[in-house]
Amino acid sequence: MQLKEKVAVVTGGASGFGKAIARLYAQEGARVVVADLNGPGADAVAADIGSNAVACQADVANRDDVEKMAKAAADNFGGIDILVNNAGYTHQRQWMLNVDEATFDRVFAVNVKAIYFAAIVFVPLLEARGGGVIINTASTAGLRPRPGLTWYNGSKGAAVILTKSMAVELAPKKIRVNALCPVIGETGLLEDFMGVPDTPENRAQFIATIPLGRMSQPKDIAAAALYLASDAAEFITGVALEIDGGRCV
């Protein structure tokens, strides 16, 4: 087991990438806090995993809720070793000037400010454990942006740069920080990213830009998150790992 005796907090854990990460971590021996704004969804995932998981309803853009996630890890499992900042938000694919201010603010609150809150709350806890791992879910949108998602692209570009800067600053504390950069994938946000109905014809237009010929799937991102959290990646920090079937080449 690659994560035996480790404690992980996974945000956005009720569905999509986060659900797959939480389940795989538990299979590999970790005890997991499944955190999500969707409380019933988090409950269902934690119940499915079993005794090695607990649910925590939380808004990652609210510092009090981030504190609540840390408390859930401490109260149930004695601490924290791995933090996966996976929760994300997007605006629908559209002309950049049509995105309203409230949506812009929410995109940056969930995709960027949440990383700030998580660092404030969790870095001291990881340092007290002698080190640990932080994984931020960014996107290929932050590396090779598509038109129509300008403000989302910017938030994920920020996540990539934050990851690299955090990695350097936290290295002396033995805290590794890396980012996952998935290409468009089969999650609940798919139609927002596409900006059109999810039909085979519309999917084909996006798949045509991915050399390996398919969208990402939650299992792809979970496998990468497992590797980056494991001891096999002990000398890897500051990386924005492209999980994209060659999209960014």
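The values are calculated or read from the model by the stated rules, or taken from the named source; none is laboratory data. The structure displayed is predicted, hence computed values, not measured ones. Glycine also receives a Cβ, built like all others from the backbone with ideal geometry; neighbour counts cover every protein chain displayed.
Answer with yes or no whether I210 is within 20 Å of V249 (Cβ to Cβ), under 20 Å from the mean Cα position of the chain (by Cα), among the aliphatic types (A, V, I, L, M) and surrounded by 16 or more Cβ atoms within 10 Å (Cβ to Cβ). Considered against the rule, which asks whether it is within 20 Å of V249 (Cβ to Cβ), under 20 Å from the mean Cα position of the chain (by Cα), among the aliphatic types (A, V, I, L, M) and surrounded by 16 or more Cβ atoms within 10 Å (Cβ to Cβ), I210 comes out as no.
Okay, residues lined up against (1) more than 18 Å from I115 (Cα to Cα); (2) out of contact with any Pro (no Cβ under 8 Å at 6 or more places or on another chain); (3) surrounded by fewer than 16 Cβ atoms within 10 Å (Cβ to Cβ); (4) not hydroxyl-bearing (S, T, Y):
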| position | (1), (2), (3), (4) |
| --- | --- |
| A158 | no, yes, no, yes |
| P172 | yes, yes, yes, yes |
| C181 | no, yes, no, yes |
| Q205 | yes, yes, yes, yes |
| R214 | yes, yes, yes, yes |
| A224 | yes, yes, no, yes |
| L228 | no, yes, no, yes |
| G238 | no, yes, no, yes |
| G246 | yes, no, yes, yes |
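Evaluation of L162 against the conditions (1) farther than 21 Å from G88 by Cβ; (2) modelled with pLDDT of 95 or more; (3) hydrophobic (A, V, I, L, M, F, W, C); (4) in a helix (DSSP H, G or I) shows that the sole unmet condition is (1).
For segment 179-206, a residue qualifies if it is small (G, A, S) and at pLDDT 95 or above, and exactly one does: A179.
The residues of segment 92-149 that are hydroxyl-bearing (S, T, Y) and within 19 Å of E67 (Cα to Cα) amount to a single one, Y116.
Among the residues of segment 72-103, the ones that are under 17 Å from the mean Cα position of the chain (by Cα) and β-branched (V, I, T) come to 4 in all. Can you name the residue in segment 7-30 that is surrounded by fewer than 24 Cβ atoms within 10 Å (Cβ to Cβ) and among the charged types (D, E, K, R) and is also farthest from the chain's Cα centre (by Cα) among such residues? Looking at the filtered set, the residue picked out is E28. Against the numbered list (1) modelled with pLDDT under 95; (2) in a strand (DSSP E or B), R176 comes up short only at (1).
Among the residues of segment 135-152, is any in contact with a Ser or Thr (Cβ under 8 Å, 6 or more places away or on another chain) and either in a strand (DSSP E or B) or free of Cβ contacts under 8 Å to residues at least 24 places away in the same chain (or both)? Yes. Consider segment 57-71 and keep the residues that are touching a residue at least 40 places away in the same chain (Cβ under 8 Å) and under 14 Å from V10 (Cβ atoms). The one that is farthest from the chain's Cα centre (by Cα) is A70. All of I115, I175 fail the test of being over 22 Å from D36 (Cβ atoms) and either among the basic types (K, R) or touching a strand residue (DSSP E or B) at 6+ places or on another chain (Cβ under 7 Å) (or both), apart from I175.
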